[in-house]
Amino acid sequence: MITGGTSGIGYELAKIFAMHGFEVILVSSSKERLIAAQKKLEQKFQTNIFIYVQGLSEVGSAKRLYNRIQATGITVDILINNAGYGLVGQTEGMRCSPT
C-alpha cells in the first residue's frame, strides 16, 4: 500500500512494485488522479492496482482506511507511508500543534 501514490516518489515506487508483479494499493485524496494512475499501471504492468480515495490529514482517517481495506479481505504486507504536505521555509522553530 502506497499513500500519496499518484505522483512523485509514491508513483515511482508504485511503478517499481507493479513492474515486479506485486498487486498495489494506491491511496490519495484525488479520485481522478487515482483512476489515471491505476489505468496506466495496470496497462503497462498487467497487475492489479487497487485504489482508495482517502485524505489522511484528519484524525481517524487512517483507521477508516484500515477498516475499509480490511473489510475487503486484502492483506497489506508493505506500507509506504508517503502522503503528506510540505511547509515552506526554514524548519528551525516550526511548531506542530496536535489537532
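The values are calculated or read from the model by the stated rules, or taken from the named source; none is laboratory data. Bear in mind that the values here come from a model prediction, so they are computed numbers and not experimental data. Every residue, glycine among them, receives a Cβ derived from its backbone with ideal geometry; neighbour counts consider all protein chains shown.
Checking each residue in region 1-29 for being under 12 Å from the mean Cα position of the chain (by Cα) and farther than 21 Å from residue 72 by Cα picks out 6, 7, 8, 9, 10, 11, 12, 13. Restricting region 66-89 to residues that are touching a Leu at 6+ places or on another chain (Cβ under 9 Å) and modelled with pLDDT under 95, the residue that is surrounded by the fewest Cβ atoms within 10 Å (Cβ to Cβ) is 84.
Restricting the first member to region 12-29 and to residues that are over 19 Å from residue 55 (Cα atoms), and the second to residues that are among the small types (Gly, Ala, Ser) and crowded, with 20+ Cβ neighbours inside 10 Å, the beta-carbon pairs closer than 8 Å and six or more apart or on different chains are 13/5. Among the residues of region 20-73, those identified as of a type in the set (S, T, N, Q) and not in a loop (DSSP other than H, G, I, E, B) are 28, 38, 43, 61, 67, 70, 72.
Taking the criterion of being without any contact (Cβ under 8 Å) to a residue 24 or more places away in the chain and under 14 Å from residue 56 (Cα atoms), the residues of region 67-84 that qualify are 67, 68.
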